[in-house]
Amino acid sequence: MAMTDSDPYAPAPASTPLLALIPAPTRLTRTPDRGPYVLDAGTAVEARPGTEHVAHWLRSTVGAATGLPFRDAAGVAGAAGAAGAPGRLLLAVDEDVTRGLGPEGYRLVVDGTGVRITGGGPAGVFWGAQTLRQLLGPDAFRRAPVGGQRAWPVPALVVEDAPRFAWRGVLLDVARHFLPKDGVLRYVDLLAAHKLGVLHLHLTDDQGWRVEIRRWPELTATGAWRARSRYGHGASSLWDERPHGGFYTQDDLREIVAYAAARHVTVVPEIDLPGHSQAAVAAYPWLGNTDVVDTSALGVWDRWGISPNVLAPTDATLAFYEDVLTEVLDIFPSPFVHLGGDECPKEQWRASPTARAFIAKEGLGDEDGLQLWFMRHFDRWLAARGRRLVGWDEILQGGERRGAGTGLSEGAVVSSWRGYGGGVAAARAGHDVVMCPEQHVYLDHRQAPGDDEPVPIGWVRTLEDVYRFEPVPPALAGQDAAAHVLGTQANLWTEVMENQQRIDYQAFPRLSAFAEVAWSHLPAPEARDWHGFERRMTAHYARLDALGVDYRPPGGPQPWQRRPGVLGRPIEGAPPIV
């Protein structure tokens, strides 16, 4: 991050709290001799071609919060021949002005004549508009004006900004605990406010199936509902005896996709296979290994962890999931489709004569080879339809002992979750990688030691820990293979997050730190200005308050945020990422 002689992130007097931008921009220069500019009821918006959706967002979101109409400049009296005239909020796509910043980059200029946001593409203009919203102060994040009509000063400055990574993602697990559609839409807005551009929607698992598939209706009639839920970690003796479930209709999901696209957020669906599939087997028992398990007796799993009930390697199973994915592709235009491929127990395949015979017939070597066979099939199936497989780092396993490669296409993408190792191997093999190691960016993990953290899971990962996370592994630094790191992703697994309040608590404020890691061009972790980030967070907490986010306060959880007596799974120590 380049700094001017007047450091915008030095301790600021109380009169200038609005420069506490998160994520930090690439370059910010204050020009107090040229401003400020005051937005008021007379400010018009000039939206040049390609920026119409951003203008709509400004009016519907920032306009709703400020009470400003942001009239169309073309309709303002005397506007004829006055394109770019003083007193305007100008939105434009111009690659010459933003040269070198890319399609998501932008240049924001505020001076006494107005505000000009120029992007390398429509996404860049939108991210510039998000920066402008932060400059207006926390009340710009509300849904309606407070305190009556007023003018909104914007400090004079020039911001030139572009993201470090293209994949700046968040996984939202709606399979373990269903989040109603409005909650998903809210999280799209929260991602967009932090310049995060990928929502990885985890739609299926052992504990629930959340996407309507018209060809196979029992997936939601049966698979979307479980009889009860474990309350706490898997070893907990507590149960919530209420049935739990829900699903999104295809039109619900199309609405989510369209809403996200208008905010330059790509929704990546995940349909788990061949493991994490008990909800599908409960709906259609013939998908399971019927020669070793009475699958007709299975229900949707009511425990956490990894179910032993996995898919059977049959032509009928492949055809079923091809039907599922045909409908999924029709809903989600994302070039990426995540198919899981992780944590697949092999015991049923080892016991199954059908599976053993199939392994021998296909020359797969062993059960790991059988898992890879599933992934290869759907990798090719997706590639034939112009899409790219994404899978957890276990998709690299299965061919090593036979001296064979994975057979996955070059377009297959690896989500490296068990540390850096899988991502390093994938990048060196020519695969693109999304870095999401559980040691740093699994936000279901506890935020502090001690008994106050609700349902303590995993390692202690503080706000500072997340801020010092580095997505490019040291083993790839300076190598050509580092270019395969598409970006990074924080994961919100919801086994112990039963509602929106709990998700908020686990996500924030750490997701704000993660957003800076994903967007900003930060120095090495040990050289990052943690205390400067803390100071900026002081202003950012007010924005989160205005957005209604039930975040973890810096001093620890509020009494109503705790879950005393609910068993977690704390892990001691702080292992290195390998």
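Please treat every number below as a calculation from the coordinates, not as lab data. No experiment lies behind these values; they were computed from the predicted model shown. Cβ sites come from the backbone with ideal geometry, for glycine too, and all protein chains shown count toward neighbours.
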Dipole size in debye (nearest 20) for the chain around its Cα centre, Lys and Arg Cβ +1, Asp and Glu Cβ -1? 1000
Förster radius 22 Å - calculated FRET efficiency between Glu95 and Asp480, Cβ distance, rounded to 0.05: 0.25
Of all trypsin sites (Lys or Arg not before Pro) in region 377-455, the ones in DSSP coil with at most 15 other Cβ atoms within 10 Å are Arg385
Please enumerate, by chain and number, the lysines with C-alpha under 20 Å from the C-alpha of Lys346, excluding those fewer than 8 residues away in the same chain. Lys361
Given a Förster distance of 45 Å, the FRET efficiency implied by the Cβ-Cβ spacing of Arg428 and Trp560, rounded to the nearest 0.05, works out to 0.40
Just the Cα atoms of region 118-224: what Rg and Dmax do they give in Å? 19.2, 59
Under 5 Å between amide H atoms, partner at least 5 residues away or on a different chain: which partners does Glu46 have, H built in plane at 1.01 Å? Ala73, Leu89, Leu90, Leu91
Within the chain, longest stretch clear of exposed GluC sites (Glu not before Pro) (DSSP loop, no more than 12 other Cβ within 10 Å): 1-240
Treating cross-link reach as a plain straight distance, find the aspartates and glutamates whose alpha-carbon is under 17 Å from the alpha-carbon of Lys195, omitting any fewer than eight places away in the same chain. Glu104, Glu160, Asp161, Glu516
Given backbone amide H placed at 1.01 Å from N, residues whose amide H is under 5 Å from that of Trp167, ignoring those fewer than 5 places away on the same chain, are Gly487, Thr488
What is the angle, in °, between the Cα long axis of helix 181-193 and the longest principal axis of the Cα atoms in the chain? Nearest 10 is fine, range 0 to 90. 50
Below 8 Å between Cα atoms, with a sequence gap of 6+, how large is the relative contact order for the chain in percent? 15
Among (1) 27.4; (2) 26.2; (3) 29.8, the entry that matches mean projected area of the Cα convex hull in nm² as calculated here: (1)
In percent, what relative contact order does region 474-578 have, based on Cα pairs under 8 Å that are 6 or more apart in sequence? 31
HN-Hα J in Hz across region 351-357 - Karplus 6.51, -1.76, 1.60, θ = phi - 60°, x for Gly and Pro: 7, 8, x, 5, 5, 5, 5
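Between beta-carbons, use under 13 Å as the cut-off and find the net charge around Gly87, counting Lys and Arg +1, Asp and Glu -1.
0
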Helical mean residue ellipticity (222 nm; -39500 (n - 2.57) per DSSP H run of 4+; nearest 500) of the chain: -8000 deg cm²/dmol
Just need the relative contact order of region 313-423 here, percent rounded to a whole number, with Cα pairs under 8 Å and 6+ apart. 26
